[in-house]
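Heads up: the structure comes next, in structure tokens.
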């Protein structure tokens with residue numbers, strides 16, 4: 001897939017993907033970026049990820065705590081709030097309905 005198309009898809013879903021990456025526990029920013037890359041979504045740069053995390057925190061969908069590092073720099077750890085879990089559940093369901101509709105059209109057109 002051309003990178004501009006991939007970027008547009010990622011931009012439209014990155015909030016949801018970050019929330020989903022926090023569902024099983026807290027993570028700091030670099031861990032989130034690694035998790036997204038490992039999932040096959042490509043590299044998400046800090047200039048994209050950290051403003052998004054700040055926006056999610058401002059919307060009270062994630063909470064952040066600062067911890068000093070024992071051997072290195074301190075880090076901000078992010079966790080889902082109850083509101084973040086609710087948004088993840090609702091938006092996740094909406095995304096899956098959308099995905100079903102797209103797959104249905106692609107299958108009906110003989111694409112897949």
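Each value in this text was obtained by applying a stated rule to the coordinates, not by laboratory testing. Being a predicted model, the structure only gives us computed values, none of them experimental. Cβ coordinates were reconstructed from backbone atoms using ideal geometry, including for glycine residues, and neighbour counts include every protein chain displayed.
Listing for the model above:
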{"read-out": "Cα gyration tensor shape for the chain, rounded if a/c is under 1.5, else prolate or oblate", "value": "prolate"}
{"read-out": "Most mobile of 75, 43, 67 in a GNM of the chain (Cα contacts under 10 Å)", "value": "67"}
{"read-out": "Angle between the chain longest axis and helix 82-108 axis [Cα atoms, degrees, rounded to 10]", "value": "20 degrees"}
{"read-out": "Highest-MSF residue in the chain out of 82, 51, 73 [GNM, Cα springs under 10 Å]", "value": "73"}
{"read-out": "Computed [θ] at 222 nm, helices only, for the chain once each DSSP H run of length n ≥ 4 contributes -39500 (n - 2.57)", "value": "-20000 deg cm²/dmol"}
{"read-out": "The chain: relative contact order as a whole-number percent, Cα under 8 Å and 6+ apart", "value": "25 percent"}
{"read-out": "Residue 106-residue 64 FRET efficiency (beta carbon distance; Förster radius 41 Å; 0.05 resolution)", "value": "0.60"}
{"read-out": "Nearest-ten-degree value, helix 46-58 long axis tilted from longest Cα axis of the chain", "value": "80 degrees"}
{"read-out": "Degrees, to the nearest 10: 3-21 long Cα axis against longest axis of the chain", "value": "60 degrees"}
{"read-out": "For the chain, built as a Gaussian network whose Cα springs stay under 10 Å, the top-fluctuating residue of 33, 54, 101", "value": "101"}
